[in-house]
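Encoded as C-alpha cells, the structure appears first; notes follow it.
Rule-based calculations on the coordinates, nothing more; no lab input. It should be emphasised that the depicted structure is a prediction, and the values quoted were computed from it without experimental measurement. Don't worry about glycine lacking a Cβ; one is built from the backbone with ideal geometry, like all the others, and counts go over all protein chains shown.
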Amino acid sequence: MVSEYGYYRGMDKDREAAHNWYKQNAHTVNHVLQIGSLFIPVIGPLVSAGIGLGDAAVYAKEGKTNEAGVVAIFSLLPGIGAVVNKIPGVKQLGQEGMKALASKILTKAPLNAVEQGVLTGVQANSALIRQEANNVVKNYASRAVASVTNASTKKSLEHVAKHGLEKGAEHALVHSVGSHPPVQPVKPKV
C-alpha cells in the first residue's frame, strides 16, 4: 500500500536491491545508456560522452585506473574535432564504436581494420590527443564549477579545471594502447 508520500512497505528493501544490482552491472548499464543517449537530437553525443566519463569514474572507484583512463579518453575522442580530423576512423566508429574499441583494448580482443587504424592514429597523434583532451576536460570542469554547491565536489572540479587530465590517465592510455597486439589480416576462404 502506498502512503500519501509515495512510500510503500518494503521500498527500502527494493531500493537497496536495485542499488546492489546496479553495482554488479554498472558497466553494462552505462554502456546501454551511452548507446541510447546517442539518439537524443543535438545533445546526444555530449550526453553519451558524459556517461562514458561516468563509467570511467566507476572504473576508478573500483581501483581499475588503466580501464578508467582508456574509457575516459575513448569517450572524449569523438567530440574532439582536431582528433576526428586527424584520425578518420574515429568519426567512422562514432561514440558507440569507440566504446566498443575501449572494451576490446581492455580485453585484448581482436580488432578490425578500422579499429586498428584508430589505434595507429592514436599512437601517432598522442601529443595532440593529450593536449586536446586536456583542454576539453578543463573546459567542462570550469563550466561545471559554477553550478556545483557541494564544497568538496567544487574543490575537485577546480583542481581538474586547473590541471586537466592527470598523468595517470595519460600513462594508462599510452600503455594500454601500446600493448595491444596488432590486428592479423584475415585470409579469404577459397
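Some notes on this structure:
- Expressed as a fraction of 2.2 N^0.38 Å, the value expected for a compact globular protein of N residues, the C-alpha radius of gyration of the range 1-116 is 1.31.
- Our estimate of slack between Ala127 and Val114, defined as 0.36 nm per intervening residue step minus the Cα-Cα distance, is 2.6 nm.
- Modelled spin-label separation between Ala144 and Thr28, with each label point placed 7 Å from Cα along the Cα-to-Cβ direction: 2.7 nm.
- Of the GluC sites (Glu not before Pro) found in the range 1-106, those in coil by DSSP whose Cβ has at most 16 other Cβ atoms within 10 Å are Glu4, Glu62.
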